[in-house]
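What follows is a single structure, written as structure tokens, with notes after it.
Nothing in this text is a laboratory measurement; each read-out follows from the coordinates by a stated rule. Computed from a predicted model, the values in this text were never measured in an experiment. Ideal geometry is used to build each Cβ from the backbone, glycine not excepted, and the neighbour counts take in all protein chains shown.
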Amino acid sequence: MTPTPLHATLRRYVDDGTVPGAVGLVARGDDVEAVAVGTTDVAGSAPMARDSIFRLASVTKPITAAAVLMLVDDGLVGLDDPVERWLPELAKPMVVRTPAGPVEDVVPAARPVTVEDLLSFRAGWGLPGDFSLPAAQALLAVQRHDLPFREWPDPDSWLGLLAEVPMLHQPGEAWLYGTASALQGILVARVSGGTLPDFLAERLFEPLGMRDTAFEVPASKRDRFTSFYHRAEDGGLRPADTPDGDFSGLPRFPSGGGGLVSTADDWLAFGRLLLNAGATADGRRLLSATSVSRMTTNHLTAAQRDAAGLFLEGQGWGYGGQVDVTPADPWSVPGRYGWVGGTGTTAHIVPATGTVTVLLTQVAMTGPAPLQVMRDFWRVTS
């Protein structure tokens with residue numbers, strides 16, 4: 001039997017040692033092709049399977065944005081509400097006078113940070129294209145990408161540390177990456193009066209049947225949990241985490257920016273929710289159609305998109321994910337929504353064609369630019 005283009009593409013990256021394994025899925029309506037190739041670790045301990053569990057990293061971000069919008073639909077928060085009502089630590093933020101200036105040279109924020117600022121990544125905190133800027137370095141000292149979330153401070157303590165870091169831009173002025181999703185997760189917990197893991201489980205995962213999506217992997221599922229690797233200087237793979245490692249218990253900081261694990265079919269269920277304007281297959285409404293529309297519509301100006309080129313490559317940003325606005329690549333259909341994760345994951349919906357695509361690998365990205373395996377996956381599934 002001749003392999004499909006999707007299978008052949010992923011098999012090539014396994015055969016040349018780029019990744020130990022991968023799961024790729026493309027769904028066009030009820031027509032679903034799911035491909036699992038390779039193994040769950042470099043030792044070949046177990047074959048990769050359609051239900052293998054992966055660290056989502058930043059593919060968590062759209063899910064967290066959906067949770068915030070659920071609270072908006074509930075009438076508990078408004079898009080224009082200042083977040084200081086629930087995050088009082090951020091009540092009096094300071095902003096560096098110029099982006100390249102020292103962190104000591106600051107001015108007060110011109111206005112409060114709003115819920116919409118968090119959702120659109122224009123809150124003033126976050127990573128710019130130039131990581132060497134003093135304010136970006138100060139942020140990285142708090143937003144520790146080199147540490148697993150179980151080693152971060154608890155959310156309340158972390159928020160206190162962030163409040164001491166000056167903003168790089170005034171609220172609403174610029175798109176900055178990452179920090180806003182972590183803040184969204186804390187916002188969900190405080191508004192709901194519970195925890196982010198509990199809110200997501202009750203309001204999204206259980207209704208959608210996302211049985212394997214969580215912030216930890218219990219012992220009963222670890223035989224399906226992949227190992228995780230970084231690319232070594234010699235081109236090989238360096239172990240970074242095992243099934244019994246960082247996700248063996250709830251982390252101290254359940255991050256809305258990148259803390260979830262999941263499977264291809266679980267993210268498919270979430271993607272279909274968005275394609276169906278916020279309703280489940282049986283008609284249960286989890287999100288309003290208005291919230292889904294806001295989530296999947298570009299909110300950035302052309303100048304903001306250009307300044308965010310390192311991350312967005314000229315495309316736009318909705319709430320929690322990129323929105324394609326120009327057909328710059330073969331897979332760039334205007335309205336396509338989704339994102340990539342630093343652990344080698346990517347997931348998108350294409351409303352124009354009713355398509356959901358999910359690629360899960362277990363080798364880390366080496367920078368903000370999507371990996372070649374991602375680009376080839378998008379090409380073959382577009």
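Data for the structure
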| quantity | calculated |
| --- | --- |
| Pair VAL106, ASP329: separation of 7 Å Cα→Cβ label points (nm) | 3.7 nm |
| Choice from GLU173, GLU233, GLU202 with maximal GNM fluctuation in the chain (Cα, 10 Å cutoff) | GLU233 |
| For ALA46, distant residues with modelled amide H under 5 Å away | THR40, ASP41 |
| Three-way shape label, segment 96-135, alpha-carbon gyration tensor, a/c 1.5 | oblate |
| Structure-derived semi-axes √(5λ) of the Cα gyration tensor in Å - corresponding label in (1) 90, 24, 15; (2) 37, 22, 20; (3) 31, 23, 21 | (3) |
| Cβ-derived FRET efficiency at R0 25 Å, GLU164 paired with ALA289, nearest 0.05 | 0.05 |
| Label point distance in nm, THR195-GLU33, each placed 7 Å from Cα along Cα→Cβ | 4.1 nm |
| Extended-chain gain in nm, criterion 0.36 nm per residue less alpha-carbon gap, ALA219 and LYS92 | 41.3 nm |
| FRET efficiency, 1/(1 + (r/R0)^6) with R0 41 Å, evaluated for ASP80 and THR353 via beta carbons | 0.75 |
| Segment MET1-ARG231, extension gain: residue separation times 0.36 nm, minus the distance between their alpha carbons | 79.4 nm |
| For the chain, share of DSSP beta bridges that run antiparallel, in % to the nearest 5 | 95 percent |
| Efficiency of FRET from Cβ geometry, ASP154 and ALA8, R₀ 45 Å, rounded to 0.05 | 0.45 |
